[in-house]
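Comments concern the structure below.
The values are calculated or read from the model by the stated rules, or taken from the named source; none is laboratory data. Bear in mind that the values here come from a model prediction, so they are computed numbers and not experimental data. FYI the Cβ positions are ideal-geometry reconstructions off the backbone, even for glycines, and counts take in every protein chain you see. Side chains included, ligands, DNA and RNA excluded: accessible areas come from the protein's heavy atoms. Shrake-Rupley method; radii C 1.70, N 1.55, O 1.52, S 1.80 Å.
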Amino acid sequence: MRTHYCGELRAVDIDKTVTLFGWVDRRRDHGGVIFIDLRDRTGTVQIVSDPQRTPDSYDDAGQLRSEYVVKIVGKVFSRPEASLNSKLPTGEVEIYADSIELLNTVSKQLPFQVCTTEYETVREDLRLRYRYLDLRSDRMAKNLQLRHQVVKAVRRFLEDEANFMEVETPILTRSTPEGARDYVVPSRVNLGQWYALPQSPQLFKQLLMVSGCDRYYQVARCFRDEDLRADRQPEFTQLDMEMSFMSVEEILELNEALVCHIFKTVKNVDLPRPFPRITYAESMAKYGSDRPDTRFGLELVDVSDIVKDSGFKVFSGAVASGGVVKVLPIPEGNDAISNVRIKPKGDIFNEAVAAGAKGIAYIRVRENNEIDTIGAIKDNLTAEQKQELLARTGAKPGHLLLFGAGDTATVNKTLDRVRLLMGKELGLINEDQLNFLWVTEFPMFEYNADEKRLEALHHPFTAPFPEDEHDLATARAQAYDLVYNGIEVGGGSLRIYQKEVQAKVFETIGLSTEEANDKFGFLLEAFEYGTPPHGGIAFGLDRLVMLMAKEESIRDVIAFPKTQQAGCLLTSAPSEVENKQLKELEVKSTYVPKVKSD
């Protein structure tokens, strides 16, 4: 039987006889003495086979190759002073192998070497195609272990300290509107009808509150058929929570304690509390984003009132049409950023265009607060306007002022992108800093120009502030997002728990009474049987672990992820199914493959 894992052995184990199982990471022959790095999910340890000291294992050691599976029995010794390896947790010890049992070989050429430094240059598609090999690597093994430790810490805190109960909710449910696209599943038993895979357990966790399960959590699988990004997958994992009889303040305090527990348990990091808070309106005004990276400054400044009567029509026209003019002030930007980068085809210009802007204007502040810019701006600003601009933005000689002008959404998106680009390029971001921030008081709704109607900014079960209920179209939501270094990792709200309020919200987003009853009648009926006030939150577990692991993609913290085309390279999913399966379901595909032109 195994007595230890490879990565567990330390100096305290010297003189113990141990039995290890694992994979050969590397084999090295040094003048007749063979060294083997043996690997399992906990790490590696050095095995030694010497023809004099361990003759019974020497011939077997000579036959080993990378990724062979072996059992090794041997005695733990202290490494000689010259071969101590401070980079390895097991670097003080080595095992002299009394016996080596070969359990399995590698019968095909490896698609890539797991053990070498060249692993980091292996193409991602190759790593995903042979994911079972990829997961053997030190990087991926550590990421999976980190994910496990995070989930373990979550469970211990919620169950042992906060009195939560884990409840599983259905995977096969009904399709409901007001979200991303559903994955739908045909029913063989109920022909012509369909299930949907859950985008979240939202409705079921609210029903659990009606049922009296006042503190629920679940590590929940969720599914959304939407376009993918580095931090998004078609199937993902949420830490889902719901609580009855708690205020927003109590929910935020509890979740701060949870996050602090995770970081202390997993990373031995003490996060400062309370986390800062900012309203949605303040966040959009200062950063142009509802998930700001607060590890650096460069806050936006609204100068619409100063330039509204400017002779420069780009500025005055933007304000006259209901838009804004904002400035991103960059200290010492004159030396760091050339005009070429701001003008067409430059990288800053391209960032602005990618956000929907037509370009970006600038002013350079020279000695004696003289401004340097294109004539169309310089000649159409009065001396008073120039002075007010410098005073409002705090600009001094050396400052570069970058302007966004247009509709508010585009200006915010533009300057947010440029701000992040500048923060990274100018070295303003401390990559080791951990900044958590609550963003609160979101709008209840946003306008969908394509469908010409209001839609819920979060979801239509979010409770408005009571004082705003008289005009739901402009109401603030009792909602909150947790932002970690500029990335949203969690979001929630107090929920509507009164039938009449929920009906008004459905009406506001354009659902008729008949449609609301058809889609959500079971929820509305439940609200008639004594529903407690309740609220909740969901954390994107994959995204949180990605940030803790300092990875760029959530694919690197998920055991078997999908590609950005929502495919699994390992199993070749999705795939066609046999016609007899479709016939049983009374389903037929209408898809016609496009014919490739010559």
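Points worth noting:
- Sorting THR17, THR90, THR117 on solvent-accessible area from highest to lowest, probe radius 1.4 Å, gives THR117, THR17, THR90.
- Dipole of region 26-94, positive end: most advanced residue of VAL73, TYR58, GLY31 [Cβ charges, Cα centre]: VAL73
- Computed extension length for ASN430-ASN190: 80.8 nm, one decimal, from 0.36 nm per residue of separation with the Cα-Cα distance subtracted.
- Whole-Hz Karplus values for region 19-34 come out as 10, 10, 10, x, 10, 6, 6, 8, 10, 10, 10, 10, x, x, 9, 9 Hz, taken residue by residue from phi with 6.51 cos²θ - 1.76 cosθ + 1.60 and θ = phi - 60°; glycine and proline positions read x.
- Euclidean distance between Cα centres, region 31-84 to region 291-350, Å: 63 Å
- The share of accessible area on region 92-250 that comes from carbon and sulfur is 48 percent, using a 1.4 angstrom probe.
- Using C-alpha pairs below 8 Å separated by at least 6 residues, the relative contact order for region 1-160 is 21 percent.
- C-alpha long axis of helix 383-393 to longest principal axis of the chain, angle in °: 30 degrees
- Average accessible surface area per residue within the chain, 1.4 Å rolling probe, Å²: 51 Å²
- Hits among aspartates and glutamates - C-alpha to C-alpha of LYS71 under 12 Å, sequence gap 8 or more where chains match: ASP40, ASP60, ASP98, GLU101
- Given (i) 1.19; (ii) 1.05; (iii) 1.13, the label whose value is Cα Rg over 2.2 N^0.38 Å derived from this model: (i)
- Close amide H contacts of HIS534 (hydrogens built in the peptide plane, cut-off under 5 Å, sequence separation of 5 or more or a different chain): PHE245, ARG495.
- Contact order, relative form, for region 71-111: 48 percent (alpha carbon pairs under 8 Å, 6 or more residues apart, mean separation divided by residue count).
- Portion, in percent, of the accessible area of region 430-484 that falls on carbon or sulfur, probe 1.4 Å: 46 percent
- Spacing of the modelled spin labels on GLU124 and ARG453, each 7 Å from Cα toward Cβ, amounts to 3.6 nm.
- Computed about its Cα centre, the charge dipole of region 74-203 is approximately 440 debye, with only Lys, Arg, Asp and Glu carrying charge at their Cβ.
- Largest accessible area first, the residues HIS534, HIS470, HIS459 order themselves as HIS470, HIS459, HIS534 under a 1.4 Å probe with ligands, DNA and RNA left out.
- Applied to region 450-461, the Karplus parametrisation 6.51 cos²θ - 1.76 cosθ + 1.60 on θ = phi - 60° returns per-residue 3J(HN,Hα) values of 5, 8, 6, 7, 7, 9, 5, 5, 9, 7, x, 10 Hz, with x for Gly and Pro.
- Amide proton proximity set for PHE560, modelled H, under 5 Å, gap of 5+: none
- Region 100-147 shape via C-alpha gyration tensor axes, a/c threshold 1.5: oblate
- The chain - charge dipole about Cα centre, Lys and Arg +1 at Cβ, Asp and Glu -1, debye rounded to 20: 1520 debye
- Per atom type, region 522-591 shows carbon and sulfur on 51% of its accessible surface, probed at 1.4 Å.
- Inter-part distance where region 230-288 and region 434-499 are each reduced to a Cα centre, Å: 15 Å
- Among the chymotrypsin sites (Phe, Trp or Tyr not before Pro) within region 283-325, not one is in coil by DSSP while having at most 11 neighbouring Cβ atoms inside 10 Å.
- Full-extension gain in nm, THR571 to ASP160, via 0.36 nm per residue minus C-alpha separation: 144.1 nm
- Put simply, the amide H of MET165, placed in the peptide plane, has neighbours under 5 Å in ARG215, TYR216, TYR217, leaving out anything fewer than 5 places away on its chain.
- Relative contact order for the chain, counting Cα pairs under 8 Å that sit 6 or more residues apart, in percent: 13 percent
- Coupling constants for region 103-112 follow from the phi torsions by the Karplus curve (6.51 cos²θ - 1.76 cosθ + 1.60, θ = phi - 60°), and in residue order they are 8, 6, 10, 9, 9, 10, 5, 5, x, 7 Hz; glycine and proline get x.
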